[in-house]
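Just so you know, all these numbers are worked out from the coordinates, no wet-lab data involved. If you're wondering where the values come from, they're calculated on a predicted model, not measured in any experiment. Virtual Cβ from ideal backbone geometry, glycine too; neighbours counted across all protein chains shown.
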Amino acid sequence: MTTPGTVDAKNSGAKIMGIPFWYFMVLFVVIMVGVLSGKAPVNFLTGFVFTLVLGAFLTWLGGLNKYLDMVGGPSLLCLFVPTILYYFHILPESTSELANAFYTDMGYIEFFIAALIAGSLLSMDRKILVKAGSRYAVPLVIGLAGALLLTGAVGALTGYGFKAAIRNIAIPIMGGGIGAGAIPISQVYAGYGGAQDTILSSLLPAVALGNLWAILFAAVLSMLGNKSDRFFKGFSGKGSIMRGGEQYEVREEDKVTGAEYMSMGVGLLVAGALYLLGRLISAYLVPGIHAYAWTILAAAILKISGIVPKYMEKAAGDWYGLISSIGLPTMLVCTSFAVIDIPTILSALSNPAYLVLTMVTAAVAAIFAGFGGYLVKMNFVESGITAGLCMANMGGSGDIAVLGASKRMNLMPFAQISSRLGGALVIMLASFLAPLLM
């Protein structure tokens, strides 16, 4: 698959999505003028091409400088440039409304995550899945425990307070985002006094900053992972979570050809069926657990059992390859408009102790989860990113941003386990700790 933003080394000109630069710019101008004119309909097609063309261009810009590219520049530009342009009124309200509608109302985030969960799990080596899945709780629990305790300790040292740091910063950051994290946590806290809305507003800056730190640290870990020979054996698996395990790569004989594009349609059906199965189980059988968790479990059972025909596994992998290659910049642009709030971040930045504590939570989660994973024969970088930073981000959109910045989208199933099941664990923990922390 063609990377959204590339520079063609063989020819003199740059290429974006495989398109010569000036041809791409014609498409860019047409689409942007159409959207900015206010005459474009708010539908799936318009939302897709707007976020895709903007994301592809920003990805190309971020890859021009090798140092910026090393720290996840393409993903970081997609995440922050659109919201900054909107904040300073360079992009009008209509662009944010279109991106938000495409992202949430039209369900693009679910379309994207379903493809990644199904494709990455079904195309994964079965032995690696069995080994990693049975050990994943170790780095997740160690990362969570380390983040809570050390954030509390630093809170005590800075004068913010041990209990306050855990209550207001560490727990909401590690809680799995807003809808499945900060909101239920604020409801738990409200049971011990205070208005739920007021408590929620006090937790949101921590969630936003934790997400920001998680993305930045993911890019740093990826950069360090590229130089893993300078550290220790098992520091980075270059995308493989288990030490000695091979990450999935499309073999030459498995690459999509003109006669095989129907395979992607099959992959779409497989991803959609697994997603709906998860929704049905969550709605009618076990409503307390998020649908994505059931989708992951169903895909894992099918993979481990070996009952899915190989061509269907390959089809899911083909569909995953397409969506992860062209859809990532699109999803990051959507996340920029819908999730990253500049005023909230600027407000939180005015308190140095608060800023340090949010950074400590994300950093400690990554380091402790990395070492926890290393203890059970996982690679440090991959374990730190999935079991640590994907606990500290903002759920589904945060998982995409973190894995995109670290160039490890194939680890989406583990990221979702952290966000969904790990987030549920944090809510349960908040229920037990709340009387002691108030």
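Can you put THR46, THR95, THR361 in order of Cβ neighbours within 10 angstrom, beginning with the fewest? If you can, show how the numbers build up before the last one.
Working: THR46 17, THR95 22, THR361 33.
Final ranking by Cβ density, sparse to dense: THR46, THR95, THR361.
What 222 nm value per residue comes from the helices of the chain, counting each DSSP H run with n ≥ 4 as -39,500 (n - 2.57) and dividing by all residues, nearest 500 deg cm²/dmol?
Working: 20 runs with 288 residues, N = 438.
Calculated from helices alone, the mean residue ellipticity at 222 nm is -21500 deg cm²/dmol.
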Notebook entry, point to check: Taking only the alpha carbons of the range 52-149, what extent do you get along each of the three principal axes, in Å, biggest first?
Noted result: 49, 34, 32
Note to self: Using a 10 Å cut-off around each Cβ, can you sort ARG279, ARG126 from fewest to most neighbouring Cβ atoms?
What the structure shows: ARG126, ARG279
Item checked: Highest-MSF residue in the chain out of MET331, MET359, MET394 [GNM, Cα springs under 10 Å] -> MET359
Item checked: Positive dipole terminus of the chain, leading residue within ALA153, PRO352, PHE80 (C-beta point charges) -> ALA153
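Cα gyration tensor of the range 316-418, axes a ≥ b ≥ c as square roots of the eigenvalues: rounded (a/c below 1.5), prolate (a/b > b/c) or oblate?
Details: a/c = 3.13, a/b = 1.14, b/c = 2.74.
Oblate, because a/c is 1.5 or more while a/b does not exceed b/c.
Run the dipole for the range 287-382 about the Cα centre, Lys and Arg Cβ at +1, Asp and Glu Cβ at -1, nothing else charged, and hand back the magnitude in debye, nearest 20. Provide the component values of the computation, followed by the final result.
Working: 4 positive and 4 negative charges, 58 e Å.
It comes to approximately 280 debye.
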Next item on the list: Report the charge-dipole magnitude of the range 21-162 in Debye, nearest 20, computed about the Cα centre from +1 at each Lys and Arg Cβ and -1 at each Asp and Glu Cβ.
Entry: 540
Check: For the range 146-158, what does the Karplus curve 6.51 cos²θ - 1.76 cosθ + 1.60, with θ = phi - 60°, yield as ³J(HN,Hα) per residue in whole Hz, taken in order and with x for Gly and Pro?
Finding: x, 4, 5, 5, 6, 5, x, 5, 5, x, 5, 5, 7
Item checked: Principal axes of the range 287-347: Cα extent on each, largest first, Å -> 52, 33, 14
Notebook entry, point to check: With springs only between Cα atoms under 10 Å, which of LEU54, LEU76, LEU403 fluctuates most in a Gaussian network model of the chain?
Noted result: LEU54
Item checked: Estimated distance in nm for a label pair at LEU68 and SER201, the labels positioned 7 Å out from Cα along Cα-to-Cβ -> 3.7
Notebook entry, point to check: For GLY175, what charge total do you get from the other residues with a beta carbon under 12 Å from its beta carbon, if Lys and Arg give +1 and Asp and Glu give -1?
Noted result: +2
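Stretched out fully, how many nm does the piece from SER431 to VAL29 gain, at 0.36 nm a residue minus the Cα gap? Before the final figure, lay out the partial values.
On the way: separation 402, 0.36 × 402 = 144.72 nm, distance 5.19 nm.
So the extension gain works out to 139.5 nm.
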Check: Considering only Cα-Cα distances, which of the following residue pairs are longer than 21 Å: LYS66/LYS407; LYS238/LYS303; LYS127/LYS310; LYS310/LYS407?
Finding: LYS238/LYS303; LYS310/LYS407
Next item on the list: Taking the dipole about the Cα centre of the range 21-138, with the C-beta of Lys and Arg at +1 and of Asp and Glu at -1, give me whichever of VAL49, ALA101, ILE117 is farthest to the positive side.
Entry: ILE117
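What order do you get for THR151, THR83 when you list them from fewest to most C-beta neighbours inside 10 Å?
On the way: THR151 30, THR83 22.
Ordered by Cβ neighbours within 10 Å, fewest first: THR83, THR151.
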Check: Tell me, what ³J(HN,Hα) does each residue in the range 404-417 have, in order and in whole Hz, if you take phi through Karplus 6.51 cos²θ - 1.76 cosθ + 1.60 with θ = phi - 60° and put x for Gly and Pro?
Finding: x, 5, 9, 6, 9, 5, 5, 8, 3, x, 6, 4, 5, 4
Check: What is the spin-label model distance, in nm, from LEU149 to PHE21 if the labels are put 7 Å beyond Cα along the C-beta direction?
Finding: 5.4
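Quick one: dipole size for the chain, taken about the Cα centre, charges +1 on Lys/Arg Cβ and -1 on Asp/Glu Cβ, in debye to the nearest 20. Can you show the working numbers first?
Working: 25 positive and 20 negative charges, 215 e Å.
Dipole size: approximately 1040 debye.
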Notebook entry, point to check: Within the range 277-309, whose backbone N sits under 16 Å from a point 7 Å along Cα→Cβ of LEU269?
Noted result: 277, 308-309
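Pop the C-beta distance of LYS233 and ALA156 into the FRET formula with R0 = 45 Å and round what comes out to the nearest 0.05.
Values: r = 37 Å, r/R0 = 0.81.
In this case the efficiency is close to 0.80.
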Check: Based on the Kirkwood radius over alpha-carbon pairs, what is the Stokes-Einstein translational diffusion coefficient of the chain at 37 °C with 0.692 mPa s viscosity, in µm²/s?
Finding: 149
Check: Based on Cα positions only, what radius of gyration and what Dmax would you give for the range 135-190, in angstroms?
Finding: 12.1, 37
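Over all alpha-carbon pairs in the range 313-369, figure out the percentage whose distance exceeds 12 Å.
On the way: 1220 of 1596 pairs.
Tail of the P(r) past 12 Å holds 76 percent of the pairs.
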Next item on the list: Under a 10 Å cutoff between Cα atoms, tell me which one of TYR108, TYR67, TYR189 has the largest fluctuation in the Gaussian network model of the chain.
Entry: TYR67
Next item on the list: With label points built 7 Å along Cα→Cβ from the Cα atoms of TYR284 and SER347, find their separation and express it in nm.
Entry: 4.3
